[in-house]
Amino acid sequence: MKKRIWFNRWFSTAYHFIEAIKNNPDGMEFEIFGTHSNPNTVYFHVCDHSETEPEIDGEAYIQYCVDFCKKNQINVFIPYQHALEISKQLKRFDEVGTRVLVIDDYSLMETISDKGKLYESFEKNGLEKFIPDYHIVTTAEQFAKAYHKLHSCGKTVCVKPVDGRGGEGFRVIKREADGLNDLFGYISHKVSYNDAYKILASEASFQPLMVLEYLADFEYSIDCLAYGGELLAAVPRKKAGGRIRELKEVPELLQLAQSIHDVYNIPYVYNVQVKYNQGVPKLLEINPRMSGGLHISTLSGVNFPYLAVKLLLTGDARVEKPVFDIRATHIENAVILGNGQMEKAI
């Protein structure tokens, strides 16, 4: 019987994860369910069943997920939307016979999902050389103090919410506004110090914001696969300009991945993002899930999405040694959404 897998609200590259799971080398067969609040979601095209999610949060969303798994006899649930909250409720999914591809230690999941807590944890666990200079602020006055402290050391300053995902909320702080250039130039992630301060000062306090040194050198994502206390694969993926990515065997990044595994023992599939500064890789974040560019890392010969599912289901999987020195890119591909046959009712 085919195992049933459900992807709740994901980003569009889940399309590639689903293809990787279906086109696995073992010939294992799966039935894929996909949901999203947007009925025109592209990965519905590779799902066997799709459904539009309700616009709900909190306990109502958790109950929706439990009910969905029970109704559709889901074997494996791969969450993105509200994954942190879901990781706290795993017993409810166990009760309906569903395994969840997520960290089963809520405390660890919470630490990784909050960049402030994660950086503090790095400091406590002997990994402090891998974190940039940073401050956590909740008021405009604290922001100003942190900015000037970093700027006085000759550092370019940037900000990001401690719980921001991807590039969400990321801004580079420049000293002064650039007049018409800001209005008519290319859209960028830059904002002047005065504008940032004015916006932040409009509130007495705000959600924790990370003020940190901007890291100007190369950025890498390290896609990792782990199970049973062992790091099974780690593939550093370099942003090499535009859409170009390079899979490179970088010793210090592989050692960093091993060090992170030794401390946190994150299971299944996850991603470590770093950016270099003066020859030292500095942590940006850890994503306790499949990363947006994971489909590029699968070109190494490691089918991360499928292997993570197989490990969850069976506890065993053969993992090939990654192939490196691969340069890759991707192109847009047209997918018909409006032919009246896209959405398959569940």
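Here are a few things to note about the model shown:
- Solvent-accessible area per residue for region 148-275 (1.4 angstrom probe, square angstrom): 53
- Cα centroid separation, region 125-204 to region 45-93 (Å): 35
- Surface share of carbon and sulfur [accessible, 1.4 angstrom probe, percent] for region 1-92: 48
- Spin-label model distance (nm) - F11 vs I244, 7 Å beyond Cα toward Cβ: 2.2
- Computed over every Cα-Cα pair of region 238-346 and binned at 5 Å starting from 0, the pair-distance distribution P(r) comes out as 2, 9, 15, 20, 20, 13, 9, 6, 4, 2, 0 percent.
- Kirkwood estimate for region 37-172, i.e. one over the average of 1/r between Cα atoms, Å: 18.1
- Across K124/K282; K238/K275; K155/K275; K190/K238; K239/K282, pairs whose alpha-carbon gap is larger than 21 Å: K190/K238
- MRE, 222 nm, helices only [DSSP H, n ≥ 4, -39500 (n - 2.57), over the chain, to nearest 500]: -8500 deg cm²/dmol
- For a label point 7 Å along the Cα-to-beta-carbon line of D163, residues of region 46-74 with backbone N under 17 Å: 56-62
- The tail of the calculated P(r) for region 94-191, taken as Cα-Cα distances beyond 16 Å, holds 70 percent of the pairs.
- Evaluating 6.51 cos²θ - 1.76 cosθ + 1.60 at θ = phi - 60° for every residue in region 298-311, the Karplus couplings come out as 5, 5, 6, x, 9, 7, 3, x, 5, 5, 4, 5, 5, 5 Hz, glycine and proline recorded as x.
- The slack in the chain from E19 to V172, taken as 0.36 nm per residue of separation less the alpha-carbon distance, amounts to 51.5 nm.
- Taking a ≥ b ≥ c as the square roots of the eigenvalues of the Cα gyration tensor, region 156-247 is classed as oblate, since a/c reaches at least 1.5 and a/b does not exceed b/c.
- Largest-first principal axis extents, alpha carbons of the chain, Å: 64, 43, 40
- Distance in nm between pseudo-label sites at S107 and L299 (7 Å out along the Cβ direction from Cα): 4.1
- Overall shape of region 1-74 was characterised from the C-alpha gyration tensor. The equivalent ellipsoid obtained from it has semi-axes of 22, 15, 9 Å, in decreasing order.
- Under 5 Å from the amide H of K174 lie the amide H atoms of V191, S192, Y193, each residue being 5 or more positions distant or on a separate chain, with H modelled from the backbone and absent for Pro and chain starts.
- Annotation: amide H of L232 within the under-5 Å range of L225, A226, Y227, sequence separation 5 or more or interchain, hydrogens built in the peptide plane.
- Residue by residue, region 31-47 carries 3J(HN,Hα) couplings of 10, 9, 10, x, 9, 6, 6, 9, x, 9, 4, 5, 6, 4, 5, 10, 8 Hz when phi is fed to the Karplus relation 6.51 cos²θ - 1.76 cosθ + 1.60 (θ = phi - 60°); x denotes Gly or Pro.
- Sorted peptide list for 232-239, 39-46, criterion being average Cβ within 10 angstrom, highest first: 232-239, 39-46
The values are calculated or read from the model by the stated rules, or taken from the named source; none is laboratory data. Model, not experiment: these values are computed from the prediction. When we count neighbours, we look across all protein chains shown, and the Cβ atoms used for this are built from the backbone with ideal geometry, even at glycine. We work out accessible area using only protein heavy atoms, side chains counted, and drop any ligands, DNA or RNA first. Shrake-Rupley method; radii C 1.70, N 1.55, O 1.52, S 1.80 Å.
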